[in-house]
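Structure first, then comments.
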Amino acid sequence: MNYRIKETEMINTLNEKVFKNDQIQKTFDEYSKVDCYNRTYALELKFRNMPSTQYNDCFLEKAKYDAVLERAVSRNKTAGYIAAFTDGSYYAWNLTKLTEEGYEFGWKSNSMKATTHFANNDQILKLSCKLPLSKGVKLI
């Protein structure tokens, strides 16, 4: 699966079904930890190669959380994370709201691929958390 194609599909689907009046756009830098934005949100997008019911949660890397939150604060936007699953469902988490409410993300060091879509597939330790679907909103 080509991540660029999947990301474009996600953006197109979200613009068609969710962001009709405030369309999201891909960020300029393909290596950015922030995938897209609109007038309201700075967003990280993730495609999960499984149905949403398999684990009822979604991993979020701390580095991506930090980057999205930083971009959102610096541009007066809301930080968000959207995951799409193979069953066609999309879930979104308002990271700004969760952070402001004092949500305990439970960051843990986990062995993960250094990069998901690029040449370096070595396992390294990354801080990440599991976001329960119940803390998000089903968009589609």
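Points to keep in mind about this one:
- Tally of residues being exposed (fewer than 15 other Cβ atoms within 10 Å of the Cβ) and modelled with pLDDT of 80 or more across the stretch 112-129: 3
- Only one of the listed residues (Leu60, Leu69, Leu43, Leu98) is more than 26 Å from Ile124 (Cα to Cα), touching a residue at least 24 places away in the same chain (Cβ under 8 Å) and of a type outside the set (Ser, Thr, Tyr). That residue is Leu98.
- Selected residue [of a type in the set (A, V, I, L, M) and more than 14 Å from the chain's Cα centre (by Cα)] from Val68, Val73: Val73
- Just one of the numbered conditions (1) part of a helix (DSSP H, G or I); (2) open to solvent by 50 Å² or more (accessible area, probe 1.4 Å) is not true of Tyr65: (2).
- Scan the stretch 2-39 for residues that are open to solvent by less than 100 Å² (accessible area, probe 1.4 Å), under 19 Å from Leu139 (Cα atoms), without any contact (Cβ under 8 Å) to a residue 24 or more places away in the chain and assigned to a helix (DSSP H, G or I) and the total you get is 4.
- Residues of the stretch 68-87 satisfying the condition of being touching a Pro at 6+ places or on another chain (Cβ under 9 Å) and surrounded by fewer than 16 Cβ atoms within 10 Å (Cβ to Cβ): Thr86, Asp87
- Here Ala92, Ala79 are screened, and the one residue that is in contact with a Leu (Cβ under 6 Å, 6 or more places away or on another chain), farther than 18 Å from Thr13 by Cα and in contact (Cβ under 8 Å) with a residue 24 or more places away in the chain is Ala79.
- Selection status of Leu43, under 17 Å from Leu133 (Cβ atoms) and not basic (Lys, Arg): no
The values are calculated or read from the model by the stated rules, or taken from the named source; none is laboratory data. Here the structure is a predicted model, which means the values were calculated and not measured. We place every Cβ from the backbone using ideal geometry, glycine too, and count neighbours over all the protein chains shown. For the accessible areas, the whole protein counts, side chains as well, though only heavy atoms, and no ligand, DNA or RNA atoms are used. Shrake-Rupley method; radii C 1.70, N 1.55, O 1.52, S 1.80 Å.
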